[in-house]
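**Student:** Attaching a single structure in structure tokens format; questions to follow.
The values are calculated or read from the model by the stated rules, or taken from the named source; none is laboratory data. Only a predicted model underlies this, so the values are computations on that prediction, with no experimental measurement involved. Neighbour counts are summed over all protein chains in view; Cβ atoms, including those assigned to glycine, are modelled from backbone coordinates with ideal geometry.
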Amino acid sequence: MPWLRNFLQLSASYARQSPPPPHKSAAAIFGRASPAPSLTQLLRHFSAGSQVTYPGLAPTKGDEKPRVVVLGTGWAGCRFIKDIDTKQYDIVCVSPRNHMVFTPLLASTCVGTLEFRSVAEPIGRIQPAISREPGSYFFLANCTGVDFQNHQIHCQTVTEGVKTIDPWKFQISYDKLVIASGAQASTFGIKGAKEHATFLREVSDAQEIRRKLLLNLMLSDVPGVTDEEKRRLLHCVVVGGGPTGVEFSGELSDFIRKDVHQRYAHVKDYIHVTLVEAHEILSSFDDRLRKYAIKQLTKSGVRLVRGIVKDVQPDKINLSDGTDIPYGVLVWSTGVGPSSFVNALEIPKAPGGRIGIDEWLRTPTVQDVYAIGDCSGFLESTGKPVLPALAQVAERQGKYLAKLLNHLSKAGGGRANAAKDLDFGEPFVYKHLGSMATIGRYKALVDLRQSKEGKGVSMAGFMSWFIWRSAYLSRVISWRNRFYVAINWLTTFIFGRDISRI
Ligand SMILES: Cc1cc2nc3c(=O)[nH]c(=O)nc-3n(C[C@H](O)[C@H](O)[C@H](O)COP(=O)(O)OP(=O)(O)OC[C@H]3O[C@@H](n4cnc5c(N)ncnc54)[C@H](O)[C@@H]3O)c2cc1C
């Protein structure tokens with residue numbers, strides 16, 4: 001507990017009444033016998049046959065802990081990293097972001113109901129060993145390829161437009177590899193979608209949406225802007241009627257009703273939300289809940305349009321029936337598909353192009369490689385269906401796999417190629433706990449049944465909204481963020497949303 005540590009340090013320094021002598025080294029002050037080796041000392045150049053070599057982490061030696069390399073800091077990777085026994089393994093995590101995103105609450109950050117920091121959990125807080133243990137690291141990089149034969153991954157650093165630093169390539173040897181690199185937004189090849197729409201997947205996407213929304217609100221108030229242009233700038237179009245699209249539309253309509261009407265009164269009659277869906281909205285919920293959601297969304301002013309998007313242009317979308325829908329903000333949420341990294345991996349795939357896994361989450365054709373979360377799916381040969389792309393699937397796979405690898409290490413199978421003949425124990429079994437979605441105006445849908453046809457609790461309304469909020473508040477990873485989320489909700493309730501464009 002950081003607060004307890006801070007408190008004890010503060011008390012100790014008061015008790016001493018004097019600072020440590022200036023000649024003492026940092027290691028002596030902090031009680032460390034010798035400083036931990038730096039990363040550059042640990043990085044060794046090593047060769048992989050006749051291939052080009054890069055600096056990196058060489059295979060582990062007998063006196064070192066086995067190394068488990070994790071790709072990704074999403075629901076699956078973070079749950080795995082949290083539960084893996086760091087006394088038995090060194091962890092090296094590679095990901096283009098140094099935090100986990102609490103995705104169920106991401107839509108709320110786009111309109112200022114929650115602050116961005118409240119939904120981002122730094123990896124060092126999820127597993128402190130990653131920043132403390134001498135052989136454990138987090139690398140801000142993308143994995144660009146895997147050499148399954150040599151138990152090695154290839155990576156490239158992420159610089160995100162910092163022009164002074166060129167991307168840096170390196171490689172890491174693994175004893176165990178956990179691929180948890182997620183999926184990417186699908187656009188079904190629709191022309192212009194990638195270029196002009198925003199995909200709500202990362203905190204940076206939510207920031208972009210909020211900035212665009214507030215910019216358009218400001219611009220539409222400027223003298224000389226025509227009524228038609230005002231209407232376009234303030235038209236928020238959401239493509240995709242799944243839970244994410246519906247939740248985002250609900251958040252937007254709450255923002256419009258409560259905040260825009262009060263604080264942007266000049267343009268309040270011009271701002272609208274349209275939700276475009278090719279089939280049924282919320283198709284994973286039963287008819288009764290869907291009808292309720294449609295009624296509530298319509299009451300909140302969300303226009304529901306049944307249509308197939310054919311083409312996306314910078315300021316309008318074209319539907320296949322010939323309708324044009326002008327927009328100022330376009331958010332795309334039509335599901336996910338395999339990423340280019342997963343597509344390029346030369347291992348058997350599950351239906352839908354995900355990495356094929358068996359019942360123990362292994363990729364059966366190569367040793368010591370596991371895949372969890374949205375990037376993986378059961379191989380057809382297992383006879384099991386590909387599981388839905390959900391946080392609850394990803395999290396439980398991460399938890400199961402950490403337990404499995406802890407068990408293998410205790411049984412002497414922690415090193416590369418050492419687990420071939422071991423008993424892997426019980427396979428992974430998924431039990432669906434139900435689905436929830438908010439629809440705005442303090443209303444939500446809660447369906448706790450295993451399937452649409454199954455028996456059990458399914459309800460909608462204010463009570464469901466209360467359950468939704470309580471459930472997600474309790475699932476937020478750290479107490480710090482739980483506190484932030486609760487305070488953000490309270491602040492929004494009392495003072496309204498923050499509308500400053502920072
Ligand atoms: C807005 C939104 C709301 C959602 N709401 C819900 C909900 O209410 N309930 C629910 O169950 N599910 C929800 N989901 C779905 C849920 O978030 C996903 O199913 C879940 O995030 C999958 O976890 P994952 O770890 O497999 O992938 P992700 O969480 O997507 O994480 C993938 C990680 O891999 C990293 N990565 C990508 N490529 C590479 C690479 N080449 N090398 C290294 N790292 C890489 C990424 O940066 C990321 O850190 C929601 C999703 C979104 C976007």
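**Student:** Within segment 151-202, how many residues turn out to be of a type in the set (V, I, T) and in a loop (DSSP other than H, G, I, E, B)?
**Tutor:** Within segment 151-202, residues that are of a type in the set (V, I, T) and in a loop (DSSP other than H, G, I, E, B) number 7.
**Student:** Any idea which of I130, I153, I91 is over 30 Å from D498 (Cα atoms), near the ligand (Cβ under 9 Å from one of its atoms) and either touching a residue at least 12 places away in the same chain (Cβ under 8 Å) or assigned by TED's automatic domain parsing to the domain that holds R475 (or both)?
**Tutor:** I153
**Student:** Among the residues of segment 287-316, how many are in a loop (DSSP other than H, G, I, E, B) and either within 16 Å of the ligand (Cβ to nearest atom) or touching a helix residue (DSSP H, G or I) at 6+ places or on another chain (Cβ under 6 Å) (or both)?
**Tutor:** Of the residues in that region, 3 qualify.
**Student:** Right, something else. Report those strands (runs of 3 or more DSSP E) wholly inside segment 317-419 carrying at least 2 residues which are away from the ligand (no atom under 15 Å from the Cβ).
**Tutor:** Hits in segment 317-419: 324-326, 329-332.
**Student:** Please tell me if A437 is outside any loop (DSSP other than H, G, I, E, B), within 16 Å of the ligand (Cβ to nearest atom) and touching a Pro at 6+ places or on another chain (Cβ under 7 Å).
**Tutor:** For A437, the condition - outside any loop (DSSP other than H, G, I, E, B), within 16 Å of the ligand (Cβ to nearest atom) and touching a Pro at 6+ places or on another chain (Cβ under 7 Å) - is met.
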